[in-house]
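Notes for the one structure printed next.
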Amino acid sequence: MSILSPRLFLLAFLFPGNFLPAAELQWQPETGYRWAELSTPHSPLPTQQRPGFTVLSPAQTGLTFTNRLDEHAIAVNRVLANGSGLATGDIFHDGLPAIFFCGLNGHCALYKNLGGYKFSDITAASGIVTSNLICRGAVFADINGDGWPDLLVSASGNGVLVFTNRHDGTFADISASAGLLSPYGAGTLALADVDGNGTLDLYVANYRKESVRDRADLQLNSINGKLSIPPALRDRLTLIPIPLTLSHQDIHRLTPLLQEALPAILAWAIQGAMLWLIQGLSEPDQVTSANASFRHLEDDLSPFLESACTLDPARFIRANELYQAYHLWSRAHHYRYLTPTAFGRLLQARLTFYRTRTSLGRFYHGLSLTLSLDQLAAQLKPFLSSSSPPSTIPSP
């Protein structure tokens, strides 16, 4: 499989009519691959000029598309700085590939190839509407098998848009029924008949819609006096302990304290840079230790077990009662909660706990609630939103 840069792809496929028919390739077999020498056609350029590519201005070609992205937009969402791509396809069946440019500001563009290195912007009449969307990637492919290239566009936060070719240079938007819309940061697209049934399958490479570093406010959880990263941010943040504690009354002292510590901070940064040059980049022992501690707190069960349960090999509790307590606790602390089946599997995977089934029901052994279920519900009631789902849970 070859991978070409967008620029090379554009230059290699825009002007197929200008290349001379190539002689039959003489393939040389090797272990696991084969190769052949390529002959370069004589250049039509004057002999005093070097063969290669010639730069054509937008005024000459009509390709005036500009992907505009200002510094403010990047500051709000630095993921946009990753850029976006384009796609080429013979959408008119005239042997001249059209070009579709993805726009990061909701303004994509489709250009018809007029031949002779001339293009015309036909976006307005094409039926392709991407207003207010961040479009990252695109591909022309015949997804319905009618012999005409259709268009798929990845849109960050919206999944994949699908436009089918009407055979006249216009497209029908079938995104709503195609089943590819999603809240993910869709990016690169690849198609192939993976299962060999004659239809194209689609692989979508998703990325984040935004960078957590651009968020002005991050809400952390506090469990037993220890900070914990919310589940949605667990793979995006690392907590690093700093030996400085300020009360709410002393928060105004933070700026002068940092100013006082500035020389030490600068020296620490320089020392770290020197160590990086000598030793390379590795995670400090302090951070490794802290991460292990935070991961323990941030799994799906540890916070609940440590704050609401008593762990003792001699104790046991009804499975349904334990799950109802876990469900209440998760809602009160704004944690995502597991299904009863997932909860039971994860609990038993810890080896410390096991489940039995008797004529009286199912029980978990090795733990019990610190408070009764009614007491726990009363304690958590002030933290439960009135819009939260009811606490009646099926038996795990």
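The values are calculated or read from the model by the stated rules, or taken from the named source; none is laboratory data. Remember, it's a predicted structure, so these values are computed and weren't measured experimentally. Counting neighbours? That spans all protein chains shown, and the Cβs are built from the backbone with ideal geometry, glycine included. Surface areas here come from the heavy atoms of the whole protein model, side chains and all, with no ligands, DNA or RNA. Shrake-Rupley method; radii C 1.70, N 1.55, O 1.52, S 1.80 Å.
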Leu96 neighbourhood, Cβ < 12 Å, K/R = +1, D/E = -1, net charge 0
Straight-line reach check, Lys381, cutoff 18 Å on alpha carbons, 8 or more apart in-chain or any other chain, hits among lysines -> none
For 326-332, 166-172, 301-307, 60-66, ranked highest to lowest by mean beta-carbon neighbours within 10 Å, the order is 326-332, 301-307, 60-66, 166-172
If amide H atoms are modeled at 1.01 Å from N in the peptide plane, then the residues at a separation of 5 or more from Arg136, or on another chain, having amide H under 5 Å from its own are Ser154, Ala155, Ser156
Two pseudo-spin positions, 7 Å from Cα along C-beta at Arg362 and at Asn144, lie apart in nanometres by 4.8 nm
By accessible area (1.4 Å), largest first, Trp27, Trp268 order as Trp268, Trp27
Taking 0.36 nm per residue of separation between Ala124 and Thr66 and subtracting their Cα-Cα distance, the length gained on full extension comes to 19.3 nm
So for R0 = 25 Å, FRET eff. of Arg208-His334 from the Cβ-Cβ r, to 0.05, ends up at 0.75
